[in-house]
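J.: This is the structure, below, for whatever I ask next.
FYI, it's all coordinate maths here, none of it is from the lab. Please read these numbers as outputs of a predicted model, since none were measured by experiment. Here Cβ is always computed from backbone atoms with ideal geometry, including for glycine, and neighbour counts include all displayed protein chains.
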Amino acid sequence: MRKGTAGMLAACLALAAFPGNNGRAESERQAEAAAYAFGASLMEEAAEESSLFDETGESPDSAAETEPGAVPASAVTPPEAFRLLQKGSKGDDVRALQLRLQELGYDPGTPDGIYGSGTKEAVKAFQKRNSLSADGIAGQQTQDRLYAADALGPMAPAESTDVLAGEWPMLTNLEYPVGEGFVPADLVLMTELCDPGLIKIKYPETQAVRTAVEALVTMLEAARADGITKWQCSAAYRSYAAQEKLLNNRINSYLKRNEGWSRGRARRAALRTVAEPGASEHHLGLAFDVNVPGTSAFIGTKQCTWLHANCWEYGFIVRYPEGKQDITGFTPEAWHIRYVGREHAMKMWEEDLCLEEYLAQYQPAEAEPAGDQPAPKEPDQPGAEDEGETEPEMTWEEADG
Ligand SMILES: [Zn+2]
């Protein structure tokens with residue numbers, strides 16, 4: 001059984017790569033048991049998983065800073081013999097795996113001994129968190145880590161954004177800025193989820209919150225079914241630092257174009273089209289600037305018409321609509337949509353309310369605005385010197401709330 005031996009060697013070598021693994025002795029015991037109990041093919045799987053892991057070059061120790069002794073002993077007895085478990089597997093060992101996942105804080109669904117989609121997702125989350133190759137298959141390494149005393153539970157949820165927690169949409173504007181340190185949970189690269197045939201992501205590094213990107217894809221698939229194609233996303237998540245940079249660029253361009261303007265005046269002018277850092281919706285990772293590739297106008301395109309008529313149904317709102325400028329504080333932006341979830345979006349659409357109005361009207365008074373929000377601050381009011389100034393003509397390329 002040469003292949004099996006090689007496989008076992010690979011598995012053991014991989015285990016040796018866990019110097020801080022308190023469950024190592026047990027892991028070795030399990031690896032030995034596995035080598036006797038199972039055939040070459042299973043061991044190859046394990047070896048394959050090891051090599052995948054090795055390629056990442058990551059050590060699980062970087063994440064494992066658990067205090068020794070801080071972890072309560074597991075109440076779940078690991079199965080006596082190793083068996084590769086994956087979607088479709090059934091049995092007591094699957095149930096043990098589910099119970100252990102649950103014990104650690106993952107959600108595999110009801111521990112029914114059936115390895116379904118929920119269990120697979122929970123295994124993936126566990127693998128990701130424990131620096132294993134996240135394929136959703138519980139091979140040797142995964143099970144070794146799972147039953148190890150220092151197995152890592154899910155990350156404490158990052159500051160989650162409103163709708164993702166099933167709450168009221170988070171309000172972000174000049175009055176309620178987001179804290180500088182706010183980073184939304186579950187940011188993904190848009191290019192990972194968006195087929196370029198459906199929407200062009202203008203800057204490939206653009207990130208956004210997964211749920212919002214998924215809703216965007218669903219919406220644009222519906223648009224395509226209606227014959228509306230050729231979309232582009234020019235902006236989504238924007239960090240505090242990126243917002244600061246954008247504002248400074250805009251202030252400087254006003255100063256350059258208008259001799260004699262004070263910095264304060266240039267700043268006030270800039271703030272009409274660029275959000276104050278922390279006040280940008282883009283900080284939430286739930287807003288997208290959507291337009292048509294190759295054109296700077298968006299209003300008047302069939303894409304814009306479709307978007308404004310249909311986005312609500314997919315959980316999006318046109319965040320800075322016409323006629324609400326005094327309330328939102330922003331010049332209308334036809335291209336800027338914000339994900340709030342279908343229920344809220346539909347209500348806002350039915351009653352023609354912008355987010356500020358909607359929350360003022362419906363959010364229970366005792367509920368504080370969601371999120372990491374300091375006390376309201378006075379928005380910058382345009383000074384008398386700005387009166388009579390014509391609004392700059394804007395396109396999605398230069399404006400951004
Ligand atoms: Zn925008």
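J.: Eigenvalues of the Cα gyration tensor times 5, then square-rooted: what semi-axes does that give for the range 270-373, in whole angstrom, largest first?
T.: 23, 17, 13
J.: Take residue 296 and residue 241, extend 7 Å from each Cα along the Cα→Cβ direction, and tell me the distance between the two endpoints in nm.
T.: In this crude spin-label approximation the distance works out to 2.9 nm.
J.: Starting from 0.36 nm per residue, how many nanometres of slack lie between residue 202 and residue 350 once their C-alpha separation is accounted for?
T.: Gain on extension, residue 202 to residue 350, equals 50.1 nm.
J.: Semi-axes of the equivalent ellipsoid for the range 174-278, please: Cα gyration tensor eigenvalues, times 5, square-rooted, ordered largest first, whole Å.
T.: Gyration-tensor ellipsoid for the range 174-278: 33, 17, 11 Å.
J.: Let me check against my output: what whole-number percent is the relative contact order of the range 173-289, with C-alpha pairs under 8 Å and at least 6 apart?
T.: 37
J.: Going by the alpha-carbon gyration tensor, a ≥ b ≥ c the square roots of its eigenvalues, is the range 261-308 rounded (a/c under 1.5) or, if a/c is not under 1.5, prolate (a/b greater than b/c) versus oblate?
T.: Taking the square roots of the gyration eigenvalues as a ≥ b ≥ c, the range 261-308 is oblate.
J.: Here is a further query. Roughly what would the spin-label model give for residue 313 and residue 135, points 7 Å off Cα along C-beta, in nm?
T.: In this crude label model, residue 313 to residue 135 measures out at 4.1 nm.
J.: Let me know the charge dipole size of the range 162-386 about its Cα centre in debye, to the nearest 20, where only the beta-carbon of Lys, Arg (+1) and Asp, Glu (-1) is charged.
T.: For the range 162-386, the charge dipole is close to 1120 debye.
J.: From the phi angles alone, apply the Karplus equation (6.51, -1.76, 1.60; θ = phi - 60°) to the range 302-319 and give each ³J(HN,Hα) in whole Hz, x where the residue is Gly or Pro.
T.: Calculated HN-Hα couplings, in order: 5, 5, 5, 4, 4, 4, 5, 7, 10, 4, 4, 5, 9, x, 10, 10, 7, 6 Hz.
J.: Collect residues whose amide H, placed 1.01 Å from N in the peptide plane, falls under 5 Å from the amide H of residue 235; neighbours closer than 5 in sequence don't count.
T.: Those lying under 5 Å, H to H, from residue 235 are 289.
J.: Rounded to a whole number of µm²/s, how large is the Stokes-Einstein D of the range 162-386 at 10 °C and 1.306 mPa s, given Rh as the Kirkwood radius over C-alpha pairs?
T.: 88
J.: Right, another one. Distance in nm between label sites at residue 221 and residue 326, each 7 Å beyond Cα in the beta-carbon direction?
T.: Distance between the two pseudo-spin positions: 4.3 nm.
J.: What's the percent breakdown of Cα-Cα distances in the range 83-241 across 10 Å bins, shortest bin first?
T.: Values per bin, smallest distances first: 10, 28, 27, 25, 10, 1.
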